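Below you'll find the structure, written out as structure tokens, and then a few comments.
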Amino acid sequence: MHFSILTFIPLITVALAGDCTKIPFIDRYYCGRVINNSKYQMRYITDPNSSSAKNLCNIWNWSDDGGAIVKCTQKYLNSGSSVGAGVVNKRGTDVDAFCFADRDYYTNGTRRTKGQWTRIHDNQVVTCSGGNGDLPRCEIKLQL
């Protein structure tokens, strides 16, 4: 009689806000990333709920329970620029949320009010485009 014991190791990733997520079993990290191909300046944060943050951000999708206003330090991202490490071999910059402060914008087809922040997860990349009369359109996709 032969017995086989199977061990299942769950693929659990853990990240604190503002930190990249280690991908289990390989030496790689997911870090949130934003690419601004729109004609407008946008804002991003890397430190939600930091005790040293000097601003407040109204994040509509903060948790499964809905939105929240959290402490944050807002940074600017000019048109034609990007920030966030993506999928990398070591920890890098991890973007946690973004917004357009002075105009409405779209995320995956849904209109958002100017100044309303959209949270992204470490395994997501955001690409924003549009301008010259059009509102910015941002697509949020999984990084592979």
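The values are calculated or read from the model by the stated rules, or taken from the named source; none is laboratory data. These numbers were taken from a predicted model, which means no experiment stands behind them. Reconstructed Cβ throughout: ideal geometry from the backbone, glycine too, with neighbour counts over all protein chains shown.
Overview of values
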{"read-out": "Selection status of residue 101, under 24 Å from residue 21 (Cβ atoms) and of a type outside the set (Asp, Glu)", "value": "no"}
{"read-out": "Output for the stretch 35-56, where each listed residue is among the β-branched types (Val, Ile, Thr) and outside any strand (DSSP E or B)", "value": "46"}
{"read-out": "Residue within the stretch 23-32 that is of a type in the set (A, V, I, L, M, F, W, C), surrounded by 17 or more Cβ atoms within 10 Å (Cβ to Cβ) and at pLDDT 95 or above present", "value": "no"}
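Matching residues to (1) in contact with a Pro (Cβ under 9 Å, 6 or more places away or on another chain); (2) under 25 Å from residue 27 (Cβ atoms):
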{"position": "87", "(1), (2)": "no, yes"}
{"position": "93", "(1), (2)": "no, yes"}
{"position": "98", "(1), (2)": "no, no"}
{"position": "106", "(1), (2)": "yes, no"}
{"position": "109", "(1), (2)": "no, no"}
{"position": "115", "(1), (2)": "no, no"}
{"position": "123", "(1), (2)": "no, yes"}
{"position": "131", "(1), (2)": "no, no"}
